[in-house]
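First up is the structure itself, then whatever we jot down about it.
The values are calculated or read from the model by the stated rules, or taken from the named source; none is laboratory data. Predicted model only: the values in this text are computed from it and were never measured. Quick reminder, even Gly has a Cβ in these numbers, built from the backbone with ideal geometry, and neighbours come from all protein chains shown. Please note that ligands, DNA and RNA were not included when accessible areas were found on the heavy atoms of the full protein model with its side chains. Shrake-Rupley method; radii C 1.70, N 1.55, O 1.52, S 1.80 Å.
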Amino acid sequence: MSSIQWQFPRALEDEAIYILRETAAQFERPAILFSGGKDSITLVRLAQKAFYPGKIPFPLLHVDTGHNFPETIEFRDWLVESLGLELIVRNVQDSINQGKVKEETGKYASRNALQTVTLLDAIEELKFDACIGGARRDEEKARAKERIFSVRDEFGQWNSKIQRPELFDHLNGKINIGENVRVFPISNWTELDVWNYIREEGLAIPSIYFSHEREIIERDGMYWPYSDFLNTTEDEKPFPAKVRFRTVGDMTCTAAVMSEADKLEDIITEILAAKISERGARIDDKRSEAAMEKRKNAGYF
C-alpha cells in the first residue's frame with residue numbers, strides 16, 4: 001500500500017481554515033452544526049486552529065432527535081466541557097409536541113426527516129445567518145453540486161437559481177434579509193481524508209466508530225442497531241455481533257457494518273477496501289433515488 005494513501009493533504013486544512021475565517025468575517029452570527037460525528041468533530045478542530053489563540057467564536061448547534069446513539073451524546077457533552085465550547089441543543093420532540101411535525105409510524109419510522117423543521121426554527125429563533133456543516137461532495141450526488149457558501153432562501157430552502165459562482169476561491173456571503181447560508185469547509189475532502197486527519201491530529205471520536213459487540217437485526221440486507229426506537233416485526237430477532245459504524249445518524253436510520261477494526265489504522269485499511277460509500281449505510285438515503293435531494297431542497301443540510 002502506498003504511503004501517500006496514509007497521508008493527509010495539508011492544503012485541504014489550509015482551505016478549510018480560510019473558509020472558516022471568511023465565514024467569521026462575512027457573517028454576523030454563524031454556528032457550527034454539530035452531530036457528534038467524525039465530520040463535525042473535524043470542524044471543531046479546524047475552528048480551533050483557525051482562531052487560535054482565541055476561542056472558537058461560534059456556538060455549536062445540535063438538533064437532537066431523541067433517537068441518537070447514547071455514545072454520541074456522551075461524547076458531545078465531554079467534548080463541549082473539555083474545550084469550553086458553547087452548546088445549543090434544540091429537540092425534535094419539542095417540534096412534535098408543538099404539532100409542527102408528526103411522528104412517523106410503521107416498520108421504517110424515523111425522526112431523521114423531522115429534523116428539518118427543528119433546524120429551521122432554531123435558525124430563525126437564534127438569528128443565525130450562517131450554519132457551518134460537515135457535508136462533503138464525495139458523500140452523495142445531492143451534496144456533490146453544493147457550493148462552499150450555499151445560499152438558502154427566506155424559507156430555508158435550497159434553490160439552484162440563487163447560488164453564486166465561486167471562481168478562484170472567491171466566497172460571496174452577501175445575502176438578502178431573511179436568507180441564510182450553509183457553509184461547507186470540508187466539502188472537497190473525502191472520507192479517507194477525514195480519517196487520516198483524525199489519525200494525524202490525534203482526535204478523540206465516539207466509540208461506535210470502532211468495532212464493538214452490539215445487538216442488531218438483519219433487514220433488507222443491512223444490519224440495523226437494535227433499540228427501543230426501532231419498530232421490528234416478530235421474525236426480526238436481535239442477535240449479538242461485532243460491528244462498527246461508518247457514519248453517525250439516528251439509531252433508526254444508520255446501519256452497522258460487520259467489522260473487527262478497533263484501531264484507526266484498521267479503519268483506514270477497511271475504507272480503502274470498501275466497495276460502497278459511507279452513505280450506503282444510511283438507511284434514510286434509500287427511501288427513494290432522490291431522498292437526499294428532496295431533504296436538501298427542504299432545508300435539511
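A viscosity of 1.306 mPa s and a temperature of 10 °C, combined with the Kirkwood radius over Cα pairs in Stokes-Einstein, give a translational diffusion coefficient for the range 1-68 of 117 µm²/s.
Accessible area ranking (1.4 Å probe, heavy atoms, ligands and nucleic acids excluded), largest first, for 89, 63: 89, 63.
What shape does the range 25-100 take by its C-alpha gyration tensor, where a ≥ b ≥ c are the square roots of the eigenvalues and a/c under 1.5 counts as rounded, a/b above b/c as prolate, and the rest as oblate? Since a/c reaches 1.5 but b/c is at least a/b, the shape of the range 25-100 is classed as oblate.
Note on the chain: dipole from Cβ charges, positive end direction compared against 202, 160, 223; the farthest Cα belongs to 160.
With a ≥ b ≥ c taken as the square roots of the eigenvalues of the C-alpha gyration tensor of the range 85-189, please select rounded if a/c is under 1.5 and otherwise prolate if a/b is larger than b/c or oblate if it is not? Here the range 85-189 falls in the prolate category. Taken about its Cα centre, the chain carries a charge dipole of about 760 debye when Lys and Arg each add +1 at the Cβ and Asp and Glu each add -1 at the Cβ.
Within the range 119-157, which GluC sites (Glu not before Pro) sit in a loop by DSSP and count at most 15 neighbouring Cβ atoms inside 10 Å?
Numbers: sites: 124, 125, 139, 140, 146, 154; in loops: 139, 140, 146, 154.
Sparse-neighbourhood loop GluC sites (Glu not before Pro): 154.
Overall form of the range 104-147: oblate. Here a/c, set by the Cα gyration tensor axes a ≥ b ≥ c, is 1.5 or more, and a/b is not larger than b/c.
In a reduced charge model with +1 at each Lys and Arg Cβ and -1 at each Asp and Glu Cβ, the range 12-167 shows a dipole moment near 380 debye about its Cα centre.
Considering only DSSP states other than H, G, I, E and B, which GluC sites (Glu not before Pro) in the range 235-279 qualify as loop sites with at most 16 other Cβ atoms within 10 Å?
On the way: sites: 236, 260, 265, 270, 278; in loops: 236, 260.
Listed in order of number, the matching sites are 236, 260.
In the chain, a dipole from Cβ-located charges (positive for Lys and Arg, negative for Asp and Glu) runs towards its positive end, and of 122, 62, 87 it is 122 whose Cα lies farthest in that direction. Under 17 Å from a point 7 Å along the Cα-to-Cβ line of residue 276: which residues of the range 195-218 have their amide N that close? Within reach of a label on residue 276, which here means backbone N under 17 Å from a point 7 Å along Cα→Cβ, the range 195-218 contributes 216-218. Counting 0.36 nm for each residue step from residue 159 to residue 232 and taking away their Cα separation leaves a gain of 22.5 nm.
Exactly which GluC sites (Glu not before Pro) in the range 14-48 are in a DSSP loop and have at most 12 other Cβ atoms within 10 Å?
28
Directionally averaged projected area (the chain, Cα convex hull): 15.9 nm².
For the range 91-167 versus the range 189-247, the inter-centroid distance based on Cα atoms is 24 Å.
In the range 207-286 the Cα-Cα distances spread across 10 Å bins starting at 0 as 19, 53, 25, 3 percent of all pairs. The portion of the accessible surface of the chain made up by carbon and sulfur, rounded to a whole percent, is 51 (1.4 Å probe; DNA, RNA and ligands excluded).
Calculated mean residue ellipticity at 222 nm for the chain: -9500 deg cm²/dmol, from DSSP H runs with n ≥ 4 weighted as -39500 (n - 2.57), summed, divided by the residue count and rounded to 500.
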